[in-house]
1. Hey, among GLY389, GLY357, GLY410, GLY342, which residue is closer than 29 Å to VAL115 by Cβ and outside the structural domain of GLY141 (by TED's automatic domain parsing)?
2. Within the range 292-303, take every residue that is part of a strand (DSSP E or B) and more than 7 Å from the ligand (Cβ to nearest atom) and give me the one that is farthest from the chain's Cα centre (by Cα).
3. Return the only residue of SER386, SER413, SER420 being over 20 Å from the mean Cα position of the chain (by Cα) and of a type in the set (Gly, Ala, Ser).
4. Mind listing whichever residues of the range 91-109 are part of a loop (DSSP other than H, G, I, E, B) and basic (Lys, Arg)?
5. Among the residues of the range 40-73, which ones are within 20 Å of ALA422 (Cα to Cα) and without any contact (Cβ under 8 Å) to a residue 40 or more places away in the chain?
6. Give me the residue from the range 54-90 that is crowded, with 16+ Cβ neighbours inside 10 Å and part of a helix (DSSP H, G or I) and, out of that set, farthest from the ligand (Cβ to nearest atom).
7. Can you tell me which residue is modelled with the highest pLDDT among those in the range 30-53 that are surrounded by 11 or more Cβ atoms within 10 Å (Cβ to Cβ) and more than 29 Å from HIS402 (Cα to Cα)?
8. Residues of the range 216-258 being touching a residue at least 40 places away in the same chain (Cβ under 8 Å), aromatic (Phe, Trp, Tyr) and either assigned to a strand (DSSP E or B) or in the same structural domain as LYS380 (by TED's automatic domain parsing) (or both), which ones?
Amino acid sequence: MVSHTVFDGPCVRPTVPQVASIRRCAPRHCLHLRASRLEGVEQAPPDPILGVSEAFKADTSDLKLNLGVGAYRTEELKPYVLNVVKKAERKMIDAGENKEYLPIDGLASFNKATVNLLLGFDHAAVKEGCVATVQSLSGTGSLRVGAQFIQKCIPGKTVYLSNPTWGNHRGIFSSAGVKWEYYRYFDPETVGLDFEGLMEDIKNAPDASIIVLHGCAHNPTGVDPTKEQWKQIADLCVDKNHLPFFDVAYQGFASGSLDEDAYAPRYFVDRGIEIMVAQSYSKNLGLYGERVGALNFILSSSSAAKKVLSQLKQIARAIYSNPPVHGARIVSEVVGNDDMFGEWKQEMEYMAGRIKGVRQELQDHLERINPDKDWSFITKQIGMFSFTGLTPQQVENMTNKHHIYMTKDGRISLAGLSSSKAEYLAKAIDDSVRNC
Ligand SMILES: Cc1ncc(COP(=O)(O)O)c(C=O)c1O
């Protein structure tokens, strides 16, 4: 093993008395004398989403605006910690919260709460033991455990992703060794759902494929199927024996209501369709850095659920052993206490409302500045994002000329926009559309 000593001398193992002085020495790694055996490692490209935040940080302009990452900001563009989260944390500290390891599958009260939020309280599937849940590392970690499960327990399946989709889906399934393909989703002509394309592609997928569906507030398009369309997708999944894998990262952010936004997975379960669901509390409880989420299987037998759970635990154990405790306690406190639960719903409505407000303002400014173009798609789209249709060249102009940071696919996070910056953004979009 190579040790990184800072010993100012020849490359020999230091004696024990030397170790104290080594720590005080200026770092002159004798390792520098040789070329690294890892010089041939290929430079990986920056992450398409988190790389945008890095570029934003390096920009010194006062005009800069970060609309890259999907994180809620206040009107002052500051990060927001929900009051109900602070309240739950105070309660946890007063109760003498400890930092012991959780079991591999996570905090039992969190797992109960998360299934209640997903399916509605006291669902029959839970009572019958047909649900397998593991608390995992937010939405990403939950998807990753799900991907590894597919690779291990139902190998040879192809996962179908919407085109476009959240930038990390491809990497998550690829890194677990799972093959993926796209199904059509977005129609740039109508700036809406390509429902016919979606149905055709899901129909043409081999029977018993895995179909990743965004539970609500589709990222990046902000375009969801209607209830009638969900019904037809469910019919097709039954006919084709597909396994839907719902990604629920924005429950509450589409409509402002937790129940309304769980419509699709609940409908599929009520139709008797087995589903997988990854959940995240990054956005709706603002627990981004706490990494709290869950992977659920809702199955038609308790014996299958038991076996699936055993596999999920084995997978999680080898990747991260057990999940973090703090954020899971927050969720279980908030959901388990009627007053706090009510407060959460109000705060979520407020956040969703603020985003709707800036959506409208952005559209109003654009309609005033450039009335020849139809901007109505901005308020037709829902959730945190707007898929602007800006080309990569126009996106470059937004960043290089106007210091507005966004992903290359033309997605902007409206959760990072304030009323006071809406006009500046509209002018930058108009300039980019006209001149690039
Ligand atoms: C569609 C979708 N799924 C999952 C996630 C996972 O987020 P996290 O790992 O922060 O919970 C995100 C985050 O942006 C997302 O947009």
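1. Exactly one residue qualifies, and that residue is GLY342.
2. ILE298
3. SER420
4. LYS99
5. If the condition is that a residue be within 20 Å of ALA422 (Cα to Cα) and without any contact (Cβ under 8 Å) to a residue 40 or more places away in the chain, then ASP62 is the only one that fits.
6. Within the range 54-90, the match that is farthest from the ligand (Cβ to nearest atom) is LYS87.
7. In this case the residue turns out to be LEU31.
8. Result: PHE245, single match.
The values are calculated or read from the model by the stated rules, or taken from the named source; none is laboratory data. It should be emphasised that the depicted structure is a prediction, and the values quoted were computed from it without experimental measurement. So basically every Cβ, Gly included, is an ideal-geometry build from the backbone, and we count neighbours across all protein chains shown.
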